[in-house]
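Quick note: the coordinates plus some simple rules give every number you see, no bench work behind them. The shown structure was predicted, so the numbers you read here are calculated from the model rather than taken from an experiment. Cβ coordinates were reconstructed from backbone atoms using ideal geometry, including for glycine residues, and neighbour counts include every protein chain displayed.
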Amino acid sequence: MKLWGGRFTKPTNELVETYTASISFDQKMVKQDIQGSLAHVDMLKHCGILSAKDADQIAAGLEKVAEAIQSGEAALSETDEDIHMNVEKLLIDEVGAVGGKLHTGRSRNDQVALDMRLYLREELCTLVQGLLQVQQALLTQAEANLDTVLPGYTHLQRAQPVLFAHHMMAYVFMLQRDIERLTDSWKRVNQSPLGAGALAGTTFPIDRQFVAEQLHFDGICANSLDAVSDRDFVVEFLSAASLIAVHLSRLSEELIIWSSAEFNFIELDDAFCTGSSMMPQKKNPDVAELVRGKSGRIFGHLIGMLTTLKGLPLAYNKDMQEDKEGMFDTVDTLKGALALFAPMMETMTVKKDQMYQAVRHDFSNATDLADYLVGKGLTFRESHAVSGKIVQSCIQRGIYILDTTLEELQEFSPCIEADVFKVLTPEAVVNARDVAGGTAKKRVEEQLAGAKQLFDETASWIDEKIQQIGS
C-alpha cells in the first residue's frame, strides 16, 4: 500500500511505477532529505505539534535510517517512488506507526525543493573551490612565464605578441566571473521553502523561521506557491555552469591546438594524455578534448530545464521531476573537469623558445612600425599604409621586417631612423603596451597581484559558507 494510497481502489500499474519513480537518481539527496526531516521534526516538537517523546523517537529513527542506507543495510525501493517516500517507509519500519507523524505539516512538494537547495548550496562550495584551484594553476604558469612571449591571435591569424602570462591571466579573470556568478547565486539558493506545504501552506502552527535557522538558511521563501514551484535557482546554476563549460572548452581548444606539431607551443604531461591503439607515436590530449565535448552536455541540461518550466502553471507539476538529473549531472561533470584541469595546467610544459621563434618570424610587429611612424609625424592612416607596403615587400622577398636594412626601410619613408629596430623586437613590442590591463610585464604583474587578492577573498567565502552550513 502506498503511503498516499488511501483514496485509490487499484494498485499502481507496474509500468507507471517504473516510469514515475525517481529513486534511481534522487537517492543522491538522501543526506539532505534526512537533514531536512530532522530539522522539521525538531520544529514540530518546538511548536508543540508533536510530543517530545514522539519527536525524539522519530529523530532517533531517522539517524538509524541514515546509518542503514549509508552502510547498504537498507534497500531503497522503486515501489516507494522517491527518496522522500523511501526514507519515511524505512522510518516507519524502524520505529513503528509513530514514524507516520513525521510528514505532519509538510508535503513532498516543499520537501523536494528543500532537499535540492540543501544539495546545491553544498555543491556551490565544492565548485567554487574547484574553480579556485584551476585559477591557482593558471597563476603558477603565469608567474613562471613572465618573460615568455607568445603570438597573440585574432581570427586565428597572427596579430600582436603578448606575454604567455598575460594569456593565462585572461582565463583567470574569466573564471573569476564564474566564481562571482556562483557566489552571488548563493543568496537565492539559500532560502528555505519548507512550510509551504503542497502549495498553500499548512493549517498547523509551524515555525518556518525556526526550521530555516536550524538548517542555516538566510531566510524563507516569501510565497508558498512560489516556494514549491520555483526552480529559478536551478536554471541560474545551469546557466552559470554553462559559462564555466564555455571557458574551460575555449582553453581546452587552445591547449589542443598548441600541443599539435604545427604549433608545438606546449606539451601536456603524459599523465593527462592517452595513446592510440594503432599508431605507436600518438600522444592525444584526450582530457582537454573531453572537457570541450562535455560542454554540450551541460548546455543541453540548461535548455532542457528551461523547456520543462516554460509552460508550467502554478504550483507543482510532475514535469518538475525532470529538474534533478540535469542538475546532478552538471555538478558531477564540472567537478570532474575542474579536478583534472588544475593539475593538467600546472604540469604543462611551456616551450618558450618555440613561442619566441614564432613571434620572431611573423609580422606581428607591423602595428608598432605604424605607431613608430605616427611618433615621427605621420597620421596613423599614412603610417598604416607605409607599414602595410613594407610587409608586402617582405612577403615577396621571403623575409621579415627585422631582416631588412635601414636603407631598405627608408625607401618607404624617410622618417624611419636607426632606432626603429629597437622598437620592433618582440620584447619591445610587448612592453610598449604599458596600459592598465595591457600585456607589458609590469601590467601583467599588476594583474597577478590583483588576482591573488581575489583568491584570498574567494577562499574566505568558501570557509565562511562551509562553516555556516556545517558541511
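Considering the options Leu102, Leu90, Leu182, tell which one lies farthest towards the positive end of the dipole of segment 49-183, charges being +1 on Lys and Arg and -1 on Asp and Glu at the Cβ, about the Cα centre.
Leu182
State to the nearest 20 debye the size of the charge dipole of segment 5-104 about its Cα centre, where the only charges are +1 on K and R beta carbons and -1 on D and E beta carbons.
On the way: 9 positive and 17 negative charges, 70 e Å.
Once rounded to the nearest 20, the dipole reads 340 debye.
Given 0.36 nm per residue, what is the gain on full extension from Lys187 to Ala222 after removing their alpha carbon distance, in nm? Let's see the in-between values first.
Values: separation 35, 0.36 × 35 = 12.60 nm, distance 1.38 nm.
Here the segment from Lys187 to Ala222 would lengthen by 11.2 nm.
Around Asp115, what is the net charge, scoring Lys/Arg as +1 and Asp/Glu as -1 over all other residues with Cβ under 12 Å from its Cβ?
On the way: positive: Lys28, Lys31, Arg106, Arg108, Arg117, Arg121, Lys324; negative: Asp26, Asp33, Asp82, Asp110, Glu122, Asp323.
Local charge sum for Asp115: +1.
Report the extension gain between Gln396 and Leu290 in nm, rounded to one decimal, defined as 0.36 nm multiplied by the number of residues separating them, less their alpha carbon distance. Could the numbers behind the result be given before it?
Details: separation 106, 0.36 × 106 = 38.16 nm, distance 4.23 nm.
So the extension gain works out to 33.9 nm.
Over 24 Å between Cα atoms: which of Lys31/Lys101; Lys31/Lys452; Lys294/Lys452; Lys351/Lys442; Lys28/Lys452 fall into that group? Present the calculation step by step, with values, prior to reporting the outcome.
Details: Lys31/Lys101 20 Å; Lys31/Lys452 35 Å; Lys294/Lys452 30 Å; Lys351/Lys442 22 Å; Lys28/Lys452 35 Å.
Over 24 Å Cα-Cα: Lys31/Lys452; Lys294/Lys452; Lys28/Lys452.
For segment 180-245, with only Lys/Arg (+1) and Asp/Glu (-1) charged at the beta-carbon, what is the dipole magnitude about the Cα centre, in debye rounded to 20?
Working: 5 positive and 9 negative charges, 20 e Å.
It works out to roughly 100 debye.
What does the highest-first list of 107-116, 273-282, 28-37 look like by mean Cβ count within 10 Å? Write down the numbers at each step before the final one.
Values: 107-116: 25.3, 273-282: 9.8, 28-37: 22.6.
The most tightly packed comes first, giving 107-116, 28-37, 273-282.
Based on the Cβ-Cβ distance of Ala339 and Ala52, what FRET efficiency does E = 1/(1 + (r/R0)^6) give at R0 = 35 Å, to the nearest 0.05? Mind dumping the intermediate values first?
Working: r = 45 Å, r/R0 = 1.29.
FRET efficiency, Ala339 to Ala52: 0.20.
Starting from the 7 Å offset along Cα-to-Cβ, what nm value, one decimal, do you get for the label separation of Val435 and Gln453?
Between Val435 and Gln453, the simple spin-label model gives 2.2 nm.
For Pro426, what charge total do you get from the other residues with a beta carbon under 13 Å from its beta carbon, if Lys and Arg give +1 and Asp and Glu give -1? Could the numbers behind the result be given before it?
Working: positive: Arg158, Lys352, Arg360, Lys422, Arg433, Lys441; negative: Asp147, Asp353, Asp362, Asp368, Glu427.
Combined, the nearby Lys, Arg, Asp and Glu give +1.
Measure out, as a whole number of angstrom, how far apart the alpha-carbon centroids of segment 216-263 and segment 13-77 sit.
Computed from Cα coordinates, the inter-centre distance equals 30 Å.
With Cβ to Cβ distances under 13 Å as the rule, what net charge do the other residues near Asp269 carry (K, R +1; D, E -1)? Don't jump to the answer; show the numbers that get you there.
Values: positive: Lys283; negative: Glu267, Asp270, Asp286, Glu346.
So the surrounding residues net to -3.
Using a simple spin-label model with points 7 Å from Cα along the Cα→Cβ vector, what separation in nm is obtained for Thr12 and Thr203?
A separation of 2.6 nm, rounded to one decimal place.
What does the helix-only formula give at 222 nm for the chain: each DSSP H stretch with n ≥ 4 adding -39500 (n - 2.57), the total divided by the residues, and the result rounded to the nearest 500 deg cm²/dmol? The partial results should precede the final answer.
Details: 19 runs with 293 residues, N = 471.
Estimated from H runs of four or more residues: -20500 deg cm²/dmol.
Which angle between 0 and 90 degrees, to the nearest 10, do you get for helix 30-46 versus the longest principal axis of the chain when only C-alpha atoms count?
So the helix axis and the longest Cα principal axis differ by about 50 degrees.
Test of understanding: extend the Cα→C-beta vector of Phe173 to 7 Å, then name every residue of segment 411-450 with backbone N under 16 Å from that spot.
Taking a point 7 Å out along Cα→Cβ of Phe173, the residues of segment 411-450 whose backbone N falls under 16 Å are 433-450.
Nearest 10 degrees, 0 to 90: what angle lies between the long axis of helix 286-309 and the longest principal axis of the chain (Cα atoms)?
Taking the Cα atoms of the chain, the angle to 286-309 is about 50 degrees.
Taking Cα atoms, how many degrees apart are the long axis of helix 323-346 and the longest axis of the chain, rounded to 10 and kept between 0 and 90?
Its long axis makes an angle of about 40 degrees.
What order do you get for 336-344, 59-67 when each peptide is scored by the mean count of other beta carbon atoms within 10 Å, highest first?
In descending order of packing, they fall as 336-344, 59-67.
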